[in-house]
Structure formats: structure tokens, C-alpha cells
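S.K.: Before I ask anything, here is the structure I am working with.
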Amino acid sequence: MGFQRLQANEQEIESLIKARSNENDEQIIAFKTPPITCDLQTKESDPSNTEPITSDDNYASWVMKYPSALSMFDEMLNAAKGKTIVVFLDYDGTLSPIVDDPNQATISEEMRSAVRDVAEHFPTAIISGRCRDKVYEFVQLTDIYYAGSHGMDIMAPVRTIRPANADYQTRTVDTMGNEVVVFQPAQEFLPAIQEILKAVEEKTKTIRGVTIENNKFCVSVHFRNIDKEDYFELEEQVKSVLEDYPKFHLTRGRKVMEIRPSIKWDKGHALEYLLDTLGFGDSNDVLPLYIGDDRTDEDAFKVIQSRGQGYPIIVSSIPKETNASYSLCDPSEVLSFLNRLTEWWNSSLG
């Protein structure tokens, strides 16, 4: 499927979703306007970027509200002096480009190296909707923390934490032999999730282009490659499965529907949990930095905003409603930002 065909198909599906429900796949502003490049002066359009994009004027206005974290880097990091920076990263669309096949969303060696360098100087965690094992398989770094299933499966340092979380913890060792804690607040839902997975696979097997992903504590239904005429049938089939599982609910991300347990836990709670286990839960000398591109990352953005400390950064090549304060256009800009973060650390030693 060519880039232009895929882009048009996604725009049409977005229009259908928005017309039908306020819970549209993404809150996109004026997405039926001509394509633009991320850098308004020199950056060439990335043919691997299949997001619908908007006019130069719309994007330029949006960036004025959510300034580039690259152009504002010095100002942001000047405010970080004397504080401990903790880095939180989404995976898909942030460290890796969005691709047709979610199993092929591999991280580049450049990006892996950049994350490794950042983790040498700052506590670093990846919080993804993917299952934790899958994210680790992609990233293959042992010196960072991983939170999968939107934070419902976390590997974190061993540390005294809030009593409310203690029942969901299991002590184990990581691949380096270090003692760690695995935190899984949705353990009781695992049998039902396996039932839901099988039911969704059966219900959607005749819809061409659908990819069902088992993310351990959630079931992801990717519809990036379906025909627009099939979207509502897919939605109805997925919702029909939920009728038998009242303790689950449906959420949406970038070209994906997800069935998740109805517990009060999301990426924002995962960020708070990791800050606690790292010893920064009640600290005024910490500066959390969260980079993500999806609607599910908005929960983490809200937490940082409510703390009144830190930088929520949205990755997007289109104007959209967000709780972020700053923006980056795409994973290539994320790479540049991470490299600059390492350079800043090195220069601060001098």
C-alpha cells in the first residue's frame, strides 16, 4: 500500500470516527489540508510517516502554543540546574516510527544508542501500551526500567512504596541478576483477557487488514490497514465482545482500539509509581520529563502538570489537543533531543 493511499484511507477513517462519536481516534485539527514538513524551514517530509498532516499555517500556530522542545532546549535545561532529571519515554511513535505492522516497529541503532547514553546519566523508563516483554525485546537495554500494558506491568527498583501498592508486587531478578520488583495491579484480570483475546480474534477474522495484539493486560486491535468501509463493522464486533465483560472498557489510540481492565491505573499512575520507587515521589528537587505521542500519554502529561514540575512533551506532526507544554515533530526530533540531553550533561561537567 503506497503512502498517499494509506494517508487518504486514514484521513477518511478519522472523519468517520469523528462524525460518529466524540471519542474519536485522535482530536485532529483541520486534517483534510495539504501535507507539510515538520521543520517549517528545511526538514523534508518523511515518507515513513503515515500520519495525516495539516497546513503550514495551522501547524505553525500550534507550535506557538506548544513550542518545540529543541528550540526551547536551553531555556528548559537552565531551569533543571540543581534538580534530578528523570526521563520517561513512550515507545511507538516516539522511539520508533509508526509502521503498518506493529511487529516491525523496531528501534534504530542510533535511537538505541541515544537512549543508552541518556540512561547513563539520568534514571530512564519506557512506558508503553505494548506488553513489557515485547518492549524489552525491541529496545534490548538493561539499564532502564520498563512499564508495559499502559503501566499495568512495571519492572522497578526494590524500594519501600505506598502500602496500597504492596499487594501487587513480586520480587524477582532481572537479566543482569539484580533484584527488582514486578508490579502488576491488574493480575486478577489475566484469565478474562485471554478469553477476550480469543473472542476478538474470532469476531474480526473476516475483516481484512486487522491486527490483533496480545499486550498481556490489554488487547490491542490495530486498524491502520483496514478499508474505511470496514471500520464500523470492526468497532461493533469489538464492542460486542465487551458486552460479556463488564469489568473492561474500550479506549482508543493512534489507529488502535484497546480493551483494558476498568481499574484506576494508567500511564500517569505508572509515572507516579516509578518516581516513588526511584525515591522521588515527594521530592521538590526532581524534574520528570515525559515524551510521548499518543492519547494514552496524556494521562502522564496531566500528572506532570499537576505536580507543577517537569516537562510533558508531545510528539506530533499535526496540531492536536494536548496537555503537553512542548512538542517534537517525530522520532527523528526525539533522537535529536535525547542527544542534546546527553551533550548538556557532558558540558555541565566541564
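S.K.: Any chance you could list P(r) for the stretch 188-261, counting all Cα-Cα pairs in 5 angstrom bins from zero, rounded to whole %?
M.R.: Calculated over all Cα pairs of the stretch 188-261, the distribution is 3, 18, 33, 27, 14, 5, 1, 0 percent.
S.K.: Report relative contact order for the stretch 130-279 in percent, whole number only (criteria: Cα-Cα under 8 Å, sequence separation at least 6).
M.R.: The value is 23 percent.
S.K.: A follow-up question, please. Please rank 313, 196, 263, fewest neighbouring Cβ atoms within 10 Å first, as an exposure proxy.
M.R.: Going from least to most buried by this count: 263, 196, 313.
S.K.: Please arrange 293, 227, 101 by counting, for each residue, the other beta carbons lying within 10 Å of its beta carbon, fewest first.
M.R.: 101, 227, 293
S.K.: Quote the FRET efficiency, to the nearest 0.05, computed for residue 72 versus residue 172 with a Förster distance R0 of 35 Å and r equal to the Cβ-Cβ distance.
M.R.: Numbers: r = 40 Å, r/R0 = 1.15.
Computed FRET efficiency for residue 72 and residue 172 comes out at 0.30.
S.K.: If you don't mind, another one. Working only with C-alpha atoms, what are the Rg and Dmax values of the stretch 234-350, expressed in angstrom?
M.R.: 17.5, 62
S.K.: Before anything else, pin down the relative contact order of the stretch 64-155: Cα pairs under 8 Å, at least 6 apart, normalised by residue count, whole percent.
M.R.: Computed value for the stretch 64-155: 24 percent relative contact order.
S.K.: Taking other Cβ within 10 Å of each residue's Cβ, how do 122, 88, 232, 248 sort, fewest first? Let's see the in-between values first.
M.R.: Values: 122 17, 88 28, 232 13, 248 20.
Going from least to most buried by this count: 232, 122, 248, 88.
S.K.: While we're on this one: For the stretch 188-261, what is the relative contact order in percent, using Cα pairs closer than 8 Å and at least 6 residues apart in sequence?
M.R.: 31 percent
S.K.: Please list, in chain and number order, the residues 5+ apart from residue 84 or on another chain whose amide H is under 5 Å from its amide H, with Hs placed from the backbone.
M.R.: HN-HN under 5 Å from residue 84: 286, 287.
All of the numbers you see were taken from the coordinates with simple rules; none came from a lab. If you're wondering where the values come from, they're calculated on a predicted model, not measured in any experiment. Note that we place each Cβ from the backbone using ideal geometry, even for glycine, and neighbour counts take in every protein chain shown.
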